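Chemist: Here it is, the structure, as structure tokens.
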Amino acid sequence: MVQSLNRKVDFNTKANLMSGGVGSKHGDILIGDQAFEFYNERNPESFLQIPWVSIEKVRAQLFFGDRYIRGFFIDTDQGVSFNFIVKDAGKSLKAMRTYLGNEKIVRNVPVFSLKRLFKRGQK
């Protein structure tokens, strides 16, 4: 059985961890006093635990004029990035803000954007 890093859990929600290839892992996110944790629903031995000190940045995925938050990326100090699609992404980011601060939670800047593609040139 997996031992949680958290002593107290502040927020819990459903999420998908998008792995690099085909498919995703469906499970639960636990945001607590020591770490961000993801536990796979089908396989309890498949989990992800990221202590707050290891997180460099959380990049929120905003859509529809910044009115809808689909999920977020978590960038760690080891150069690894994890992509999460979250049911309650806004509430998750608010819960993480208490441990990370405002400066580590930023908007994701997409590499390719339709808004930039159709933007008229400045005269």
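Chemist: For the chain, give me the percentage of DSSP beta bridges that are antiparallel, rounded to the nearest 5 percent.
Modeler: On the way: 36 of 39 bridges.
Just about 90 percent of them are antiparallel.
Chemist: Right, something else. Would you count, across the chain, every pair of lysines whose alpha carbons are under 27 angstrom apart, provided the pair is eight or more residues apart or spans two chains?
Modeler: 29
Chemist: Considering the Cα trace of region 9-108, what is its radius of gyration and what is Dmax, both in angstroms?
Modeler: Radius of gyration, then largest Cα-Cα span, for region 9-108: 12.6, 39 Å.
Chemist: Taking R0 as 22 Å, what FRET efficiency do you get between Gln78 and Gln34 from their Cβ-Cβ distance, rounded to the nearest 0.05? List each step's numbers first, then the result.
Modeler: Working: r = 18 Å, r/R0 = 0.82.
According to the calculation, E is roughly 0.75.
Chemist: Then there's this: Give the angle, between 0 and 90 degrees and rounded to the nearest 10, that separates the Cα long axis of helix 89-100 from the longest principal axis of the Cα atoms of the chain.
Modeler: 70
Chemist: What residues qualify as long-range amide H neighbours of Thr13, i.e. H under 5 Å apart, gap of 5 or more or another chain, H built at 1.01 Å from N?
Modeler: Ile29
Chemist: Turning to a different aspect of this structure: At a threshold of 8 angstrom on Cα-Cα distance, excluding pairs fewer than six apart, so keeping six or more, what relative contact order does region 9-108 reach in percent? Present the calculation step by step, with values, prior to reporting the outcome.
Modeler: Values: 200 pairs, mean separation 25.8, N = 100.
With pairs under 8 Å counted, the relative contact order is 26 percent.
Chemist: How do Arg7, Arg59 rank when sorted from fewest to most other Cβ atoms within 10 Å of their own Cβ? Please list the in-between numbers first.
Modeler: Numbers: Arg7 8, Arg59 18.
Ordered from fewest to most neighbouring Cβ atoms within 10 Å, Arg7, Arg59 come out as Arg7, Arg59.
Chemist: Another one. Set the Förster radius R0 to 22 Å, insert the Cβ-Cβ distance between Ser24 and Asp88 as r into 1/(1 + (r/R0)^6), and round the FRET efficiency to 0.05.
Modeler: Details: r = 17 Å, r/R0 = 0.79.
Step by step, r from the Cβ atoms, then E = 0.80.
Chemist: Taking amide H positions as placed in the peptide plane 1.01 Å from N, state which residues far from Asp33 in sequence (5 or more) or on other chains have amide H under 5 Å from it.
Modeler: Arg7, Lys8, Asp10
Bear in mind that the values in this text are calculations on the coordinates, not laboratory data. For clarity, every value in this text was computed on a predicted model and none was experimentally measured. Heads up, the Cβs are rebuilt from the backbone with ideal geometry, glycines too, and the neighbour counts pull from every protein chain shown.
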